[in-house]
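Notes follow once the structure below has been shown.
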Amino acid sequence: MTTIRFDKMQVTGAFDVIMRRKFVELYDWEIPDLVQTVGPYEPDLFSEYAAKIDQLLDVAFQVLTDATDVELDAIIADDRNEQTGARKQWRELFAREISLLRKHRPFWAEGGFGHPDYVADFEYWGRMPSLLLDEAVCLTLGVEPKHFKNLLNEDDETLLYLGKPMIFAKRRAEQFSRQFHVSRHNQKIPADDLLKWIRTVDLEVHAQALNVLERFHGCEGVPTRKTQREDPRAVRAVARILTAIAIEEYGYDPKSPRSPIPNEILGIMDRLGLQGSAETVLKYLRIGSADLPPD
């Protein structure tokens with residue numbers, strides 16, 4: 001018997017419907033394109049989870065491939081009252097394993113804070129004259145505060161379940177709380193004081209967070225210099241150039257939600273001694289891609 005590896009891009013029709021119905025959201029789960037930023041970085045946690053899903057997908061797809069037309073018809077019918085035969089066997093196949101995987105999906109920050117879907121709005125938060133405790137912590141980690149909610153108030157045992165990065169975040173919150181005397185009556189941390197302390201203790205912070213804090217709060221006692229407004233036309237022109245090179249020379253696919261190309265471009269910048277981030281590269285690639293003609 002020939003073993004067939006599951007390839008979602010090649011699966012269509014009834015097989016696609018059946019597999020999606022069985023694996024639910026696991027069917028489309030993908031490893032996030034993590035960027036190493038601040039704190040613990042363990043991207044392999046996501047790879048291990050993906051490997052478990054892939055193993056089940058391979059076997060389940062093999063079962064479908066080996067099924068007879070009669071068995072497939074029974075499986076497609078999805079008759080929950082059917083207690084025997086192919087439908088019952090298919091329903092029971094990996095039921096427990098899938099349930100456990102769905103229940104124990106990795107928390108978004110478990111592998112590190114550089115998740116592309118949770119990046120902070122640095123320009124917005126960096127302009128704030130003062131920040132609440134969770135806002136200050138999130139800015140220095142490069143994460144949008146709304147994604148933390150009340151997590152920093154949880155106990156260590158709960159946070160450790162969510163991954164080492166969350167313990168790191170809570171300890172940073174404790175540092176900030178003591179340094180800036182945060183209490184119920186004093187909840188805000190002045191942004192210029194935060195920057196001063198970051199410099200004093202050489203605190204590890206997200207590069208873009210440090211950049212915006214220095215731009216807007218770096219001159220003590222002197223009004224912050226107004227930055228020159230970017231020309232939208234120039235930005236779009238540069239984005240088009242970058243996108244064209246990325247597509248032609250590096251195989252960038254604008255339709256791919258998890259392209260490795262932004263990180264490859266960032267690696268080239270690092271080797272040349274140029275500062276930047278994968279988020280910025282991706283931002284300009286998206287701007288340039290918006291001007292591509294439709295297929």
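The values are calculated or read from the model by the stated rules, or taken from the named source; none is laboratory data. Note that this is a predicted model, so its numbers are computed, not measured. When we count neighbours, we look across all protein chains shown, and the Cβ atoms used for this are built from the backbone with ideal geometry, even at glycine. We work out accessible area using only protein heavy atoms, side chains counted, and drop any ligands, DNA or RNA first. Shrake-Rupley method; radii C 1.70, N 1.55, O 1.52, S 1.80 Å.
Across bins of 10 angstrom width beginning at 0, how are the C-alpha pair distances of region 1-144 distributed, in whole percent? It works out to 10, 31, 25, 16, 12, 6, 1, in whole percents. Against the empirical curve 2.2 N^0.38 Å, the C-alpha radius of gyration of region 65-157 lands at a ratio of 1.89. Applying the criteria of a DSSP loop state and at most 12 other Cβ atoms within 10 Å to the GluC sites (Glu not before Pro) of region 22-72 yields 30. Relative to the longest principal axis of the Cα atoms of the chain, helix 278-289 runs at roughly 70 degrees. The GNM of the chain, with springs linking C-alpha atoms under 10 angstrom apart, assigns the highest mean-square fluctuation among 35, 143, 235 to 235. Rolling a 1.4 Å probe over the protein chains gives residue 202 an accessible area of about 130 Å². Tell me the angle of helix 44-66 to the major Cα principal axis of the chain, expressed in degrees between 0 and 90 and rounded to the nearest ten. Approximately 20 degrees, to the nearest ten. Compared with the dominant principal axis of the Cα atoms in the chain, helix 13-23 is inclined by about 60°.
Over the chain, Cα pairs under 8 Å with separation of 6+ residues give a relative contact order of 17 percent.
Considering the chain as a Gaussian network with a 10 Å cut-off on Cα pairs, which listed residue, 217, 206, 181, attains the greatest mean-square fluctuation? In this elastic network of the chain, the residue with the biggest mean-square fluctuation among 217, 206, 181 is 181. Dividing the summed -39500 (n - 2.57) terms of all DSSP H runs of n ≥ 4 by the residue count of the chain sets its mean residue ellipticity at 222 nm at -16500 deg cm²/dmol. Pairs of lysines in the chain whose Cα atoms sit within less than 22 Å of one another amount to 22, provided the residues are eight or more positions apart or on different chains.
Inter-label distance, residue 250 to residue 103: 4.2 nm, where each label sits 7 Å from its Cα along the C-beta direction.
In summary, the chain shows an alpha-carbon radius of gyration equal to 1.27 times the 2.2 N^0.38 Å reference for compact globular proteins. Projected over all directions and averaged, the alpha-carbon convex hull of region 137-295 occupies 13.2 nm². Probe radius 1.4 Å, ligands and nucleic acids ignored: give me the carbon and sulfur share of the accessible area of the chain as a rounded percent. Answer for the chain is 51 percent, counting heavy atoms of protein chains only. What area, in nm² and to one decimal, does the C-alpha convex hull of region 105-207 cast on average over all directions? Projected area, direction-averaged: 6.6 nm².
Two decimals is fine: what is log10 I(q)/I(0) at q = 0.13, 0.19, 0.23 Å⁻¹ for region 116-175, from a Debye sum with one equal scatterer on every Cα and no solvent? Log10 of I(q)/I(0), two decimals: -0.32, -0.66, -0.92.
Based on protein heavy atoms only, the chain ends up with 61 Å² per residue of surface accessible to a 1.4 Å probe. Per the Debye calculation on region 146-206 with a single equal scatterer at every Cα and no solvent contribution, log₁₀ I(q)/I(0) for q = 0.13, 0.17, 0.26 Å⁻¹ amounts to -0.40, -0.67, -1.18.
Kindly list the residues of region 251-295 that lie in the label zone of residue 236, defined by a backbone N under 16 Å from the point 7 Å along the Cα-to-C-beta vector. What the label zone holds, given the 16 Å backbone N cut-off, is 284-294. The length gained on full extension between residue 268 and residue 187, counted as 0.36 nm times the residue separation minus their Cα-Cα distance, comes to 25.0 nm.
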